[in-house]
Amino acid sequence: MAARLALLGLDGDDAKASAALLQQRVIRPGVDTIIDEFLGWLSGIDQFTRMVAEHSTTDRMQTMQKRYLLSLGVDFNTRTYFEDRMLIGEVHQRMGVSQSLYQCSIRRLQELLIDAIPEDMKAHPPSFHELISFILRISAFDMSLAVESYCNARVSDLQDSLKTQRDESERWRELSHKDSLTNLHNHSFSRYNLEQALEQSSADGQPLCVMMADVDHFKQINDTYGHLAGDRVLRIVAARIHSVARSGDEVGRYGGEEFLFILKNTPLDAGREVAERVRAHVNGDKIQGGGASLDVTVSIGIAQARPHETVNSLIERADTALYAAKSAGRNCVFVPD
């Protein structure tokens with residue numbers, strides 16, 4: 001604050017004397033006339049009339065302007081004055097007052113204050129010019145504070161808006177990747193993840209396994225206990241599957257009652273161990289649904305990626321292993337030789 005006052009030549013006793021003179025001889029005797037002329041000028045500006053219609057009334061504007069003028073230059077070297085002028089910029093920003101309107105308004109107010117200087121002071125050039133200089137300096141000081149806080153408030157609003165947009169974008173991105181029922185990755189994102197994992201596996205030479213798990217007799221559950229019970233079964237199975245997945249494993253709902261696991265840096269024997277843990281955990285406590293306690297099991301097939309494997313061929317081999325597990329009596333894991 002002190003540096004700004006010094007920059008504008010408002011750091012001496014002569015400035016304090018000019019502030020007192022401005023209030024005593026110019027503003028207080030003619031405040032109502034100055035405000036009437038100022039608001040009359042503003043009323044011819046469309047932006048101002050729209051702003052008054054949306055946010056205020058003429059009487060309120062008169063009160064606010066009178067308060068401003070009667071405080072202009074009063075204790076201008078105090079923190080309270082500094083903070084009050086900063087607040088003006090924030091209020092203008094919230095009300096949608098443009099910077100151009102505010103700066104032009106300050107310019108018009110300078111003219112009205114200079115015109116209101118009494119004739120006896122005008123007849124004494126040194127005092128007259130000193131008061132004009134002070135009017136220009138103190139209004140520049142007020143404007144610098146208001147513009148700074150206006151810009152800060154605008155930047156803050158923009159940052160909030162950008163954060164909201166980023167959060168919304170992230171929410172939609174996440175929704176586009178998630179299956180709404182199970183909250184696992186959906187079909188398309190699971191395939192995308194597998195494509196990326198295959199590329200990485202090929203690049204670094206690490207093993208990659210894929211597991212396909214399918215809820216046994218799921219159609220019978222839907223037909224007997226209803227689709228709401230079937231949905232509940234899928235949600236609980238998905239939660240149980242996810243709870244035993246290792247860090248780094250990708251799990252998705254591939255379609256219907258079928259789930260896809262991507263096991264990175266995992267050879268076939270280790271994949272079998274993961275599959276057995278999944279199978280055992282799903283076939284744990286009974287699942288309540290449709291008024292019954294349901295024994296739910298899954299069948300699982302595994303395939304390990306080969307050199308130059310494609311997404312389709314790897315999933316097809318895992319699916320073949322899954323059907324072999326179904327043929328072997330379900331509730332089991334099939335690992336091809």
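Bear in mind these aren't lab numbers, they're just calculated from the coordinates by the rules spelled out. Computed from a predicted model, the values in this text were never measured in an experiment. Note that we place each Cβ from the backbone using ideal geometry, even for glycine, and neighbour counts take in every protein chain shown.
Only Cα pairs under 8 Å and 6+ residues apart enter the sum, and on that basis the relative contact order of the chain stands at 15 percent. Taken along the Cα-to-beta-carbon direction at a fixed 7 Å, the label points for residue 94 and residue 285 span 5.1 nm.
Non-local lysine pairs in the chain, meaning eight or more places apart or on different chains, with alpha-carbon distances under 24 Å, amount to 8. The order of 337, 216, going from fewest to most other C-beta atoms within 10 Å of their C-beta, is 337, 216. Peptides 3-12, 144-153 ranked from most to least packed give 144-153, 3-12, packing being the mean of other C-beta atoms within 10 angstrom over each peptide's residues.
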